[in-house]
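Peer 1: Attaching a single structure in structure tokens format; questions to follow.
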Amino acid sequence: MPVIAVIGSSRTQPDEPDYKDAFRLGRILASTGMTVASGGYGGLMEAVSAGARSEGGEVIGVTAPDVFPGRTGVNRFVTDERQADTLTERIHRLIYHSDAVIALPGSIGTLTELMSAWNLAFVAPFSGRHPKPIITIGALWSDLIPYLATRLDTDGDLVSCVASVDDAARWVATSFQQKNGR
């Protein structure tokens, strides 16, 4: 069962459109047999977890209690909490042990996770591996990724920028169908 890491803001509230989109993304991913992984806390991490659980899906939460002592713990929808000692270890576990990454809107933490995923995709061929799919949703990433690719002289095609949750879910499903020869 593919594990899809979903990264995004921890501050988004349930009444906001991005929260509803993340919930829908979790539902779609779980309904197609994928496991959802996130940072395991609130905001969009909670929304995608809730959506996946509403379809009976498995939800991995990679947390870092020592880094975030003010957080009350993993969100109630996580079925498998995996604790990390440091922020770097948390990001590594979330990104490295997933089969694809989807970035929802977020801030500096989401950007850090996205850059880690992009870097791993860039260096994958150096060790004979294929880059994992990376999909971003929304205008922020659609503006930022081409800019960074040009300014940093790197491969912007490693990150697919789409407009909606539905586009991202289709992209992931197609990617795994092609990988499995379907």
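Residue by residue, here is whether (1) out of contact with any Leu (no Cβ under 9 Å at 6 or more places or on another chain); (2) farther than 15 Å from G42 by Cβ; (3) buried (at least 16 other Cβ atoms within 10 Å of the Cβ) holds:
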| position | (1), (2), (3) |
| --- | --- |
| H97 | yes, yes, no |
| V101 | no, yes, yes |
| L104 | no, no, yes |
| W118 | no, yes, yes |
| P125 | yes, yes, no |
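Peer 1: Give me the residue from region 13-40 that is touching a strand residue (DSSP E or B) at 6+ places or on another chain (Cβ under 7 Å) and assigned to a loop (DSSP other than H, G, I, E, B) and, out of that set, nearest to A100 (Cα to Cα).
Peer 2: M34
Peer 1: Of the residues R53, R11, which is in contact with a Phe, Trp or Tyr (Cβ under 6 Å, 6 or more places away or on another chain) and charged (D, E, K, R)?
Peer 2: R53
Peer 1: Still on this structure, please answer the following. Within region 114-136, count every residue that is out of contact with any strand residue (DSSP E or B) (no Cβ under 7 Å at 6 or more places or on another chain), in a helix (DSSP H, G or I) and in contact (Cβ under 8 Å) with a residue 24 or more places away in the chain.
Peer 2: Qualifying residue count, region 114-136: 3.
Peer 1: Just a yes or no: is a residue in region 161-177 basic (K, R) and assigned to a helix (DSSP H, G or I)?
Peer 2: There is at least one residue in region 161-177 that is basic (K, R) and assigned to a helix (DSSP H, G or I).
Peer 1: Report yes if some residue within region 133-145 is among the small types (G, A, S), out of contact with any Ser or Thr (no Cβ under 6 Å at 6 or more places or on another chain) and surrounded by 13 or more Cβ atoms within 10 Å (Cβ to Cβ); otherwise report no.
Peer 2: yes
Peer 1: Continuing with this model, one more query. So which residues in region 50-92 are buried (at least 16 other Cβ atoms within 10 Å of the Cβ) and among the basic types (K, R)?
Peer 2: R53, R71, R82, R90
Peer 1: Mind checking which residues of region 32-42 are at pLDDT 95 or above and either in contact with a Pro (Cβ under 8 Å, 6 or more places away or on another chain) or surrounded by fewer than 24 Cβ atoms within 10 Å (Cβ to Cβ) (or both)?
Peer 2: Selection gives M34, T35, Y41, G42.
Peer 1: Taking region 80-113 only, how many residues are assigned to a helix (DSSP H, G or I), more than 21 Å from T174 (Cα to Cα) and hydrophobic (A, V, I, L, M, F, W, C)?
Peer 2: Looking only at that region, the number is 5.
Peer 1: When residues of region 11-27 are filtered for being closer than 18 Å to T136 by Cβ and either crowded, with 20+ Cβ neighbours inside 10 Å or among the aromatic types (F, W, Y) (or both), how many remain?
Peer 2: Count: 7.
The values are calculated or read from the model by the stated rules, or taken from the named source; none is laboratory data. Quick caveat: nothing in here was measured; it's all calculated off a predicted structure. Glycine also receives a Cβ, built like all others from the backbone with ideal geometry; neighbour counts cover every protein chain displayed.
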